[in-house]
Amino acid sequence: MSDEPIKPNPQIEQAAASDESIQKVHAILLREKPEPKEGYTPMPLFVLGFVTVMIFICTLYFVHNRGGFSPMVQDERYDPAAAAGTTEVAKVDPVAQGKRLYQTCAACHQPNGTGVPAVYPALAGSEWVTGSEERLVNIMLHGLAGPLKVEGKDFNGNMPAFGPGGGYNWSDEKLAYVMTYIRQEWGNKAGEITPAKVKEIREKAARAKPWSAGELEAIK
Amino acid sequence: MASAPSIVSSLNPATSSDDVKRAELSEIDASTKWPALFLLASAVGWLLIGTVFALISSFKMHSPDFLGNYEWLTFGRARTAHLNAVVYGWSVNASFAVAFWLMARLSRSVLRHAGLLIVAAVFWNIGVTLGIYGILAGDSTSVEWLEMPTYATPLLFLAYALVGAWAVITFRFGKSPHIYVSQWYILAALFWFPWLYSVAEIMIIFAPARGTVQALVNWWFAHNVLGLWFTPIGLAAIYYFLPKVLGKPIHSYYLSVLGFWSLAIFYNWAGVHHLIGGPVPAWVQSAGIVASFMMIVPVIVTAINHHMTMVGSFGALKYSPTLRFIVFGAVSYTLASLQGSSMAIRSWAEVTHFTHYTVGHSHLGLYAFFTMVMFGSIYYIMPRILLKEWPSATLISLHFWTTAIGVIVYVVDLSIGGVIQGLLLNTPVLAHKLGLPQQHGTDPVPFLVTVKETMIYLQVRSYSGILMTVGHVAFAINFVWMVVRSAQSSKTEPTLFRTPREMEVTAQ
Amino acid sequence: MNRAPLIFLGIFFALALSWVGIVLTNQIGYGSLQPVYDEDEGKAYPLQTPGLAARGKLVYEDLGCIYCHTQQVRRAGYGSDYERGWSGRDALSGSVARDYIRESRVLLGTMRTGPDLRNIGARQPDSTWQYLHLYDPQITSPGSNMPPFKFLFETRKIVGQPSPKAIQSKLPAKYQPPAGYEIVPNERGENLVAYMMSLKDTYAYPETKNVYVEPTPEAGKEEKK
């Protein structure tokens, strides 16, 4: 055995390759700093104090804003236990509510009530708005279709019904507020319409199709 | 790859134990070579793809007709493709590579049967590719962070299972008696993610919960991907590379412990802050706010730990690319988290919710923190697995400056733009609360005015995006060049920004 | 290594706590919320989304509308959602959880690059406006950064009678098709607009009253806080 040439060990040969690569590996290895370690500097006391204060503040906040832990309460200020005792109903300002509701109408009649010429009539200065209460309520309840003259100008469109038929199904209050609003805005000066009035007219005439101008003119 | 005995046994028996450890490390590095390289190469590829979609989406926001006739590129799809490419493509591939490279090194455990890890990585990438194709084709689920269609997600799950199992096995069979802080974070991330993902997929996609319970699960999941996956991986990297490059110990083990556990307890409740003011119970909103605010604790504690470790060595930032990216990332982590805690406060949320401010914040977190930390990690890992140095210091420098300046401009720009947008959107109520003059009377500012006022900020965001793209391209060129060029045995110095005298000599 | 089981337990309980608190508790708390039957109207609210609108919702999802539009109205006094008329009902609460119980995919959204759409069906009754806006938002909303959705329409030769759904008569001059052609919404376009028209939460559930109202010292003060 001793005079046989030493067979190269494939494992050592292929991996170690050459002196150069070991040199290189060693260079990369050697320049690396040692693996990271943790130091044991004690925790500063103020950190513990800070954590305690944070926990305290946050607990207070949570308790104050828990909405009674109820899954049906989304308003953090609302306390179901406290509210259960009161039956107070806040007073409503019809014009402010009506103004908010008007945003729906503004899509066609425009935010300043001017309408779009030949397409949607203006509400500012319109005799249909400031005139007969019953006519206006009926328009809102059942809609208005077909040719129409407003302040001398011609229109031929389709106002949807905001009562039960048209999908909006606004309550007496909503209808009353928005009509009250348009009747006193943009220079219009006409009186308030009450929810009671809307209810009265709603019960009078039940109809499925929109009004025409002619039919409405017959109403006083 | 199994060169296990050769290097250590090739050392002179008189070699110091320190050097023996280093030799052992090189064996470990060598065992991770192919999976790490595959994952990192995929990550860089996805970074470029994600960047392209980012630019497209950004341009569309201020020039809506840009590529407007292509249905598959409509903003809703391009933006989603961007998010999924940078999160599940770039960020997760990079996370996998960094996580198990760190785990192998810290456990002092050679990675066995690494070929199977490559199979996992292939599955993951096929899944992401299918998912993004599906999004562009119109199969998006329209659930944020879970948009990939159901034909892609099982592949992701399978790939993840393999990668996760491997990292745990590597840890289990490691020789290290002490569990270093980075390992806590990585193990935690590996355990948390599948739980989050399964619950989310089941309760939103496969067996949807009723109503807004879905939204709670959605944001519990999505925010925890940030807080319980990306943040731990990013912190694990910082906790490794910071002391490693500096050759100093981490300042305080006790701060590490407090930082880890407070993150674990508080971070996962914070997700509900995405739903402040929304149709979910008030108490869970308040819980999310409280948790988001308590996050100040782990963030400050970690910042102190990192800062005190760095103190006295800020000069090293002049030389080391790894250190620069890591420190930039660490500072960004602190800023992003503190910003996040502030955004959870109800009155500030009232302004910034639903605005571009949130987009600025998310990029401060996922880009300025996580992506920059990954860049730094990659700059360190690649020479050790390829046994070659980075070809061009100029490209590294270009990469750093373009991405750093790019992301700073991005975040500042969208933060200002977002606040302006939020103030305009919420007048008159906000103006009343803040005691500001009502510039538009008591009417809400018309919506189109809010759009018009934010246009300039959206344009500046596109410019910053172009800057960051330059950086990514420089990085990709350097990466590919490094992989393909032959090993130059003459070069044994690291590619650094400058050559300091003390870096030439062997480590002290 | 012997600390590993402890670390594992801690990690487990950390996530378990939030999973129980955020997910499980709320699934138990309101995960089986039922619709409310209104006797006056003979309907159960929230209403079921009608057929075409349900298909339109899929179009909304695949085009990624949630990335610019929210579908959640905040309560009065928190932001100006209420003042903008984004709420469809006369209550201070904004959107409530029960509004979403019929939806297999809840599309709350997180960005208001565009306005909230939860009650767009109540706010914008005109489907023509919707078609014009989708065709090119610049037509109805100059300066908007919403992309055009011309691919929800097709330009086709008029065969026999012109289609009643054609919109080219309402389009400005530069969008006009060649003579003899009309522009009609395709099936996806129609479904999407049907979905938008169906978006309205008009019913005032009992819980819409669960809003804190500051006690008014005297009558006549505004209701909203």
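The values are calculated or read from the model by the stated rules, or taken from the named source; none is laboratory data. Please read all numbers here as calculations on a predicted model, not as lab measurements. So basically every Cβ, Gly included, is an ideal-geometry build from the backbone, and we count neighbours across all protein chains shown.
Below are the figures for this structure:
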quantity: Subset of the range A:148-159 [assigned to a strand (DSSP E or B), more than 14 Å from every other protein chain (Cβ to nearest Cβ), free of Cβ contacts under 8 Å to residues at least 40 places away in the same chain and not aliphatic (A, V, I, L, M)]; calculated: A:Lys153, A:Asp154, A:Phe155, A:Asn156
quantity: Residues (more than 7 Å from every other protein chain (Cβ to nearest Cβ), surrounded by 15 or more Cβ atoms within 10 Å (Cβ to Cβ) and free of Cβ contacts under 8 Å to residues at least 60 places away in the same chain) located in the range C:25-42; calculated: C:Thr25
quantity: Residues within the range B:385-434 that are among the polar types (S, T, N, Q) and outside any helix (DSSP H, G or I), tallied; calculated: 3
quantity: Residue in the range C:202-216 that is part of a loop (DSSP other than H, G, I, E, B), within 20 Å of the chain's Cα centre (by Cα) and of a type outside the set (Phe, Trp, Tyr) present; calculated: yes
quantity: Pairs where the first residue, in the range B:131-149, is more than 16 Å from C:Val59 (Cα to Cα) and the second is charged (D, E, K, R) and assigned to a loop (DSSP other than H, G, I, E, B), C-beta under 8 Å, 6+ apart; calculated: B:Gly131/B:Glu147
quantity: Residue in the range C:29-50 that is assigned to a helix (DSSP H, G or I) and hydrophobic (A, V, I, L, M, F, W, C) present; calculated: no
quantity: Test: residue in the range C:46-56 that is touching a helix residue (DSSP H, G or I) at 6+ places or on another chain (Cβ under 9 Å), in contact (Cβ under 8 Å) with a residue 60 or more places away in the chain and either within 9 Å of chain B (Cβ to nearest Cβ) or within 19 Å of A:Gln74 (Cα to Cα) (or both); calculated: yes
quantity: Conditions (1) in contact with a helix residue (DSSP H, G or I) (Cβ under 7 Å, 6 or more places away or on another chain); (2) more than 8 Å from chain B (Cβ to nearest Cβ); (3) β-branched (Val, Ile, Thr); number of the one not met by C:Val73; calculated: (1)
quantity: Verdict on C:Lys150 being of a type outside the set (Gly, Ala, Ser), under 27 Å from B:His62 (Cα atoms) and without any contact (Cβ under 8 Å) to a residue 12 or more places away in the chain; calculated: no
quantity: Selection within the range B:124-143 - surrounded by fewer than 20 Cβ atoms within 10 Å (Cβ to Cβ) and over 24 Å from C:Phe151 (Cβ atoms); calculated: B:Ile126, B:Thr129
quantity: Yes/no for B:His273 being more than 8 Å from every other protein chain (Cβ to nearest Cβ) and more than 30 Å from B:Ala393 (Cβ to Cβ); calculated: yes
quantity: Test: B:Gly465 is in contact (Cβ under 8 Å) with a residue 12 or more places away in the chain, closer than 23 Å to C:Ser144 by Cα, of a type in the set (Gly, Ala, Ser) and away from chain C (no Cβ under 12 Å); calculated: yes
quantity: Some residue of the range B:43-63 being assigned to a loop (DSSP other than H, G, I, E, B), of a type outside the set (Val, Ile, Thr), over 26 Å from B:Val122 (Cβ atoms) and modelled with pLDDT of 95 or more; calculated: yes
quantity: Residues (more than 7 Å from every other protein chain (Cβ to nearest Cβ) and over 21 Å from C:Arg3 (Cα atoms)) located in the range B:248-270; calculated: B:Lys248, B:Phe266, B:Tyr267, B:Ala270
quantity: Residues of the range C:56-79 that turn out to be under 11 Å from the mean Cα position of the chain (by Cα), in a helix (DSSP H, G or I) and of a type in the set (A, V, I, L, M), as a count; calculated: 1
quantity: Boolean, C:Val20 is over 23 Å from C:Ala194 (Cβ atoms) and touching a Phe, Trp or Tyr at 6+ places or on another chain (Cβ under 7 Å); calculated: no
quantity: Any helices (runs of 4 or more DSSP H) falling wholly within the range B:145-226 and containing at least 1 residues that are within 11 Å of chain C (Cβ to nearest Cβ) and within 24 Å of C:Ser32 (Cα to Cα); calculated: B:181-200, B:213-225
quantity: Boolean, C:Leu15 is surrounded by 15 or more Cβ atoms within 10 Å (Cβ to Cβ) and more than 10 Å from chain B (Cβ to nearest Cβ); calculated: no
quantity: Among (1) more than 12 Å from chain A (Cβ to nearest Cβ); (2) buried (at least 24 other Cβ atoms within 10 Å of the Cβ); (3) not in a helix (DSSP H, G or I) - the single one B:Gly312 does not satisfy; calculated: (2)
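Residues are listed down the side, and each one gets a yes or a no for (1) more than 26 Å from B:Phe260 (Cβ to Cβ); (2) of a type in the set (Ser, Thr, Tyr); (3) within 13 Å of another protein chain (Cβ to nearest Cβ):
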residue: B:Met295; (1), (2), (3): no, no, yes
residue: B:Ala303; (1), (2), (3): no, no, yes
residue: B:Thr322; (1), (2), (3): no, yes, yes
residue: B:Thr334; (1), (2), (3): no, yes, no
residue: B:Ser341; (1), (2), (3): no, yes, yes
residue: B:Glu350; (1), (2), (3): yes, no, yes
residue: B:His356; (1), (2), (3): yes, no, yes
residue: B:Gly360; (1), (2), (3): yes, no, yes
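Table: residues versus (1) at pLDDT 95 or above; (2) under 22 Å from B:Gly465 (Cα atoms); (3) part of a helix (DSSP H, G or I).
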{"residue": "B:Asn69", "(1), (2), (3)": "no, no, no"}
{"residue": "B:Ala78", "(1), (2), (3)": "yes, yes, yes"}
{"residue": "B:Ser95", "(1), (2), (3)": "yes, no, yes"}
{"residue": "B:Ala104", "(1), (2), (3)": "no, no, yes"}
{"residue": "B:Leu117", "(1), (2), (3)": "no, no, yes"}
{"residue": "B:Trp124", "(1), (2), (3)": "yes, no, yes"}
{"residue": "B:Gly127", "(1), (2), (3)": "yes, no, yes"}
{"residue": "B:Gly131", "(1), (2), (3)": "yes, no, yes"}
{"residue": "B:Gly134", "(1), (2), (3)": "yes, no, yes"}
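Table: residues versus (1) buried (at least 24 other Cβ atoms within 10 Å of the Cβ); (2) under 23 Å from the mean Cα position of the chain (by Cα); (3) at pLDDT 95 or above.
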{"residue": "B:Trp195", "(1), (2), (3)": "no, yes, no"}
{"residue": "B:Glu201", "(1), (2), (3)": "no, yes, no"}
{"residue": "B:Phe206", "(1), (2), (3)": "no, no, no"}
{"residue": "B:Ala215", "(1), (2), (3)": "yes, no, yes"}
{"residue": "B:Trp219", "(1), (2), (3)": "yes, yes, yes"}
{"residue": "B:Pro232", "(1), (2), (3)": "yes, yes, yes"}
{"residue": "B:Ile238", "(1), (2), (3)": "yes, yes, yes"}
{"residue": "B:Phe241", "(1), (2), (3)": "yes, yes, yes"}
{"residue": "B:Lys244", "(1), (2), (3)": "no, yes, no"}
